[in-house]
Each structure stands twice: as C-alpha cells, then as structure tokens.
Amino acid sequence: KSVVHRICAGQVILDLSAAVKELVENSLDAGATTIEIALKDYGKEWFQVIDNGCGISPNNFKVLALKHHTSKLAGFPDLQSLTTFGFRGEALSSLCALGNLTVETRTKYEQVATHLTFDHSGVLVTEKKTARQVGTTVTVKNLFVNLPVRCKEFSRNIRKEYGKLVSLLNAYALIAKGVRLVCTNAIGRNAKSVVLKTQGSGSLKDNIVTLFGMSTFSCLEPVSISVSDSCKVDGFLSKSGQGSGRNMGDRQFFFVNGRPVDMPKITKLVNELYRGANSQQHPIAILNFTVPTRACDVNVTPDKRKVFFSDESSILVALREGLQQIYSTSNA
Ligand code: ADP
Ligand code: MG
C-alpha cells in the first residue's frame, strides 16, 4: 500500500517547483501577506515555506497530512465556483510520502505554536510546543528520498529544477497583489542569499518594476484586450522592437484568474505575432486572462498548470486581432 501511495504521490509532485508551488498556494489560501521560501542547496537538502497566514487549528493536526484531508471544500456550493488554489488534500500527504515533512503552526487562538512531524504515510508522529508568530512553516527535507531513480535525477538536474522554481516564484511574485514574497537560498556553509523579493505592492506594474527593474518596464506597453463580454486579457508586452533575441521564456508569464498556468498555444501565438512584426525576437509577456470560473478548468492535471478553456478558439482569434492591432499601431 505504501509503495502505491509513493508512486501516486510522485505523480502529484513531479519536481521541486511542483512541490514548492503547492506550499506557496497553501500559504496564499491561508491569507498570508508575507511568504518566505527558504532553500538549502537549491532545495536539494531541504526547502521551507514560511507564512503569516491563519495557521492550522489543533483539531486538524492528526489528519493534516492524510490523503484527501482538506479544509477547503466545505462551504463551497460546487467545485465550479472554487477560488482557492487547493482543494484535493493531496499536497501535504504526497510530500510526506516523498520526503520528511515537518510543520510548525499557530493560529490566533493559540498562545504558542506547535511543531509537528509526520511519517511517510502521513501519520502524525511527534507534537511539541514551540515559539512562533501566528502562521505556518512547512519544511520538506530530502525530497524524493524514497524514489531512488527520481532522487538521482533530481540531484543531477538540480540547477535546472532550481531555475524552473525561480521562474515559477517570479510568476507568483508578479501576480500576487499585497503579498510580500521572498526567496532565499543557502549553499553549503554560506549564509543565505536573497534570490527574489517583492514589496507586497498592489499593482502588477510595481511588481514588474521591483522584479525586473524600471528599464525593463519602460520597454513594455500595457495590453488590455476584451475577448468577449466576460473574458478579457490584461498585462504587459514588449513594445515593438524592444524584444530580445535571446529566449525570453524566462520572462513570459501567463495567468488565468491570477493563477500561473502554462498556455502553449497562446505562448506560441504571442511569439509568432511578435516575431512577425519584429523579425526573430521574443517579447516579454505578462498576461492575465480573466474568465468566468465555469468557462475554464485548471484542475485537469494534478499540478493545475494546464488550463482548458471551454472556448479556446474564440480566445485565440480575439487575442490575435488585439495583438495585431497593438503591433500595427506601435509600428506606425
Ligand atoms: P488542500 O490545499 O488541497 O486543501 P493540502 O494537502 O495542500 O490540501 O493541505 C491540507 C490542509 O492543510 C489544507 O486544507 C489546510 O487546511 C491545511 N494547510 C496546509 N498548509 C497550510 C498553511 N500554510 N496555512 C494554513 N493551513 C494550511
Ligand atoms: Mg494545497
């Protein structure tokens, strides 16, 4: 049974960035306004997500890391109207199966925090009092220690995994309004260094300036395209002639209703249209699609990175028209 659990867990959490993504989303769901992601040796040794969210109630300690435990479904009339990131109750249980999980947490109703450790099947094994502000710290040591092949791959590809993680954290840092996000990494015996940091500002513009600098921001122009009555696209895109010859994959971010997602078709379209107008360049693109929750499904893959629109073709058509218009006017 535990082997099956381990294999299933390995399908929910495919890599380092998927693991950290789940923890960051839990912090966002908990209403955190400060989230620190601390890595040791790029996350290979351990990683930690520290938040000032609502904390976890002692009633939930025992069940916290058991499969399908979630506190988020009750109160939702149906899945379609779900606005929290998580609801499956799979992340903590999967992380337990794949590494060593500890949680430190305190709600505003508690005077002290509690430090919890779990075994690989998600059973709570130790519980002791500790000092902490209201909020939660989740630590995962030795990710994939139980999957020897994946573990070896993980070590071998750690820099690549780390790059993917930083890109994902940039996505959250851009879109999360009013949330301070900090990521640090400590290599070997060195002190931790700051990888990225935002101020918790209220606007996408401020977040772009903080993360990428004013000079980058000044090469962008705002995008606002209405696809239909209920669907629109907002964000920023490189101005004509301001793109980069190098692969800007690390500066392209797509969101649906404020969630970072992968949109291969839309990415391709954006790049094609930009190249068409700018010969062989890649634009910086930071685009958020606002769509009614019932017109899209972000829950099709376990990591919720893929998104299905019920009417993708009309979105593509409207986006094409909107972008062409932007490029034709900015070229004129
Ligand atoms: P899900 O997010 O799908 O509910 P998870 O396995 O990610 O499932 O988390 C299980 C439960 O643990 C959540 O429903 C929530 O109640 C609690 N939880 C996890 N992380 C946090 C956090 N950072 N702050 C507060 N509660 C948390
Ligand atoms: Mg979750």
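The values are calculated or read from the model by the stated rules, or taken from the named source; none is laboratory data. What you are looking at is a predicted structure, and each value in this text was computed from that prediction instead of being measured. Virtual Cβ from ideal backbone geometry, glycine too; neighbours counted across all protein chains shown.
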Margin query: Every residue in segment 214-239 that is in contact with a Pro (Cβ under 8 Å, 6 or more places away or on another chain) and not in a strand (DSSP E or B), please.
Written below: Ser230, Cys231
Next item on the list: Give me the pairs, please: first residue somewhere in segment 37-51 and under 18 Å from Leu181 (Cβ atoms) and touching a residue at least 40 places away in the same chain (Cβ under 8 Å), second residue anywhere and of a type in the set (Ser, Thr, Tyr) and crowded, with 24+ Cβ neighbours inside 10 Å, beta-carbon distance under 9 Å, and either six or more positions apart or on two chains.
Entry: Val49/Ser27; Val49/Thr136; Ile50/Ser27; Ile50/Thr136; Asp51/Ser27; Asp51/Thr136
Note to self: Is it the case, given these coordinates, that Leu23 is part of a loop (DSSP other than H, G, I, E, B) and crowded, with 16+ Cβ neighbours inside 10 Å?
What the structure shows: no
Item checked: Filter result for Glu36 (acidic (Asp, Glu) and over 15 Å from Val195 (Cβ atoms)) -> no
Note to self: Can you tell me which condition Gln48 does not meet? The list is (1) assigned to a helix (DSSP H, G or I); (2) at pLDDT 95 or above, and all the others hold.
What the structure shows: (1)
Checklist line | Search result, residues across segment 149-194 that are β-branched (Val, Ile, Thr) and closer than 19 Å to Val256 by Cβ | finding: Ile175, Val179
Margin query: Taking the criterion of being touching a Lys or Arg at 6+ places or on another chain (Cβ under 7 Å), surrounded by fewer than 19 Cβ atoms within 10 Å (Cβ to Cβ) and not polar (S, T, N, Q), would at least one residue in segment 167-188 satisfy it?
Written below: yes
Note to self: Can you go through Ser228, Ser238, Ser244, Ser224 and tell me which one is surrounded by fewer than 17 Cβ atoms within 10 Å (Cβ to Cβ), at pLDDT 80 or above and not acidic (Asp, Glu)?
What the structure shows: Ser224
Notebook entry, point to check: For Thr33, which of the numbered conditions (1) free of Cβ contacts under 8 Å to residues at least 60 places away in the same chain; (2) polar (S, T, N, Q); (3) more than 16 Å from ligand 2 (Cβ to nearest atom) fails to hold?
Noted result: (1)
